[in-house]
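Report on the following structure.
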Amino acid sequence: MFRKSICIKQKGTFFILLLISILLLTLYFQNKSTHKNYLTQIETNYKKSFDNYYMFFKKQQIDFYDTQTIFIQNDKTIIPKLIEKERFLKDINIIDLKIQTSIYSKKILGKKSFFDVIALDGDVIYKVISPIVENDKVDSFIEYILDPRVFLQSIKDFDGSNGIIYVKDDNKAKDIFLKEYLTDEITSTMAQKCEETKLKPVFEVNDNFFVKKNMYLKNFKGDNVANTIFFLNVTKEKKSYISLVRDSIFTSIILFIIAAIIVNYFFNSLIKRIYQNEIELKEINKNLEEMVEKEIDHRLKVENEALNEKQKSEQLLIQQSKLALLGEMIGNIAHQWRQPLMQLSAILMYLDAYNEKGKLTKEKLDKKVNDGNSIIDFMSKTIEDFRNYYKPEKQKEEFLLKDSIDSALFIVNSALKSSNIKVNTLYSKNDLKLTSYKNEFSQAFLNIITNAKDILIQRQIEEPLINIEVSQKEDSIVICVNDNAGGIDNEILSKVFDPYFTTKHKSQGTGIGLYMTKMIIENNMNGNIEVENTSFGARFIITLKI
């Protein structure tokens, strides 16, 4: 018991260490995922704010120089002062469209100012093109030439980003940077980064972290003229985030260790309580096992007795079924022989009468003997038909349903005729075939016909009638047997197929006929049989798979 206690404590300790390991791994991957999302968010926010500001910058420049255009229209002498005043304004040109043409001639006719970018000899310049409108007509415009650093300085004033402008040189397959950028060490390093094809959202340069934004500078036609790359130092934000994550991880670990110690304490207390009850539990289990064994032995004994009783009942049921079939066979033979026996009796009386009168000639004797032999042959054939009908089958065979049904009707034909019961048969096809046990099917069908005959006689129905309908529906054959005896009481409708259930007197029925019919149809022939009431009587429906 002591060894087990140590073993379980070791498992408990291992379990706690495993939980700590899982926590650390979870925190690691969570931190990794969160860090990645954080970097992506920084880049996304930077690019979004940058795009919005670039649109604002161009509009700001256009609005400013549109105002200057109005002043210049009134006084051209202010041009030198304006160039001297504006730090990034390099030159101002007034273009008269009457004297010279320009690439802006068509666009300027729209009477709206616009922004243009030109790359020339490895350098980049900005232009603000402002139309001079006189009498609602544009004959000239002013071209403001700006140093590209105006945009870089504006961005730096906006959010502190440093920027680089460069031009793609397809022949040299290398970017051409403006010369003044290469003099500054940080900017030179950033320029080298432009040559790298894959940059992370946030990257490190000289222990500083930067987020970048690449952007094309387009001319007034929408063509890419130059490229820009901007770098924003996010070292402070990055270190602040790392510190926050580190503190969060440290706090989580401390809290988890405290929780693990508390859990371990309660776990050890629980172990002690478990061991205190272990001996009692073993004793209870031992007693329970003995009780279970006794109960199992008792139930097995009861089940065996029940099984033996069931087998005896089944044997008795089979024996009664055989006796019932034998009784029915003898009764049907009696019906079939009644008329032939009367004919034989008449022949014997005829011979006796003619013999007493001395009128019995050899010709008359021979004739009556031949008639008697014919009647005896018919009776012998009847016995043979009955013997074949009740012969058990072991193999399935293909047979015509019409032949099997006619065979069953022949057995009770005399009984039906003597009770004036009319039988109508209707086949959707005369060649409907089935592969199964022919005699068993005939016996099952005969039980239904016999049941209908008995109820029609018992209830003394006027113009008694049995209708038999045989049809094919898809891959099944449906046989309906209807009578006009008034139907079955709804209270016993669900019991008609139960063994030993009968509404007849004990001397007239055993209650196993319809039960055996159900066993033959559903167990031996894999079919289905059901019964329902109609407005005239009962209807038995047999469904068999082809």
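A short reminder: the numbers here are calculations on the coordinates, not readings from a lab. Everything numeric in this text was worked out from a predicted model, so none of it was measured. Cβ atoms come from the backbone with ideal geometry, glycine included; neighbour counts cover every protein chain shown.
Brief remarks follow.
- Annotation: extensible slack from Leu344 through Tyr53 equals 91.9 nm (criterion: 0.36 nm per residue apart, minus Cα-Cα distance).
- Here the simple spin-label model places points 7 Å from the Cα toward Cβ, and for Thr67 and Asp96 these points are separated by 3.0 nm.
- One decimal place: the segment Glu295-Ser269 gains 5.6 nm when fully extended, by the rule 0.36 nm per residue minus the C-alpha distance.
- Potential lengthening between Asp371 and Lys429 on full extension [0.36 nm per residue; Cα-Cα distance subtracted]: 16.9 nm
- Spin-label model, Ile330 to Ile262: label points 7 Å out along the Cα-to-beta-carbon direction sit 9.2 nm apart.
- Net charge of neighbours whose Cβ lies under 12 Å from the Cβ of Lys368, counting Lys and Arg as +1 and Asp and Glu as -1: -1
- Among the listed pairs Lys518/Lys545; Lys312/Lys438; Lys429/Lys545; Lys90/Lys127, those whose Cα-Cα separation exceeds 18 Å are Lys312/Lys438.
- Packing-based ranking, highest mean first, of 444-451, 216-223 given that Cβ atoms within 10 Å are counted: 444-451, 216-223
- If you bin all the Cα-Cα distances of the range 392-545 at 10 Å, starting from zero, the percentages per bin are 10, 42, 37, 10, 0.
- Across Lys59/Lys213; Lys367/Lys417; Lys58/Lys85; Lys422/Lys473; Lys85/Lys107; Lys85/Lys111, pairs whose alpha-carbon gap is larger than 23 Å: Lys367/Lys417; Lys422/Lys473; Lys85/Lys107; Lys85/Lys111
- Computing FRET efficiency as 1/(1 + (r/R0)^6) for Asp406 and Asp223, where r is the C-beta to C-beta distance and R0 is 60 Å, gives about 0.05.
- Simple label model, 7 Å out from Cα along Cβ direction - Lys545 to Glu134, nm: 10.4 nm
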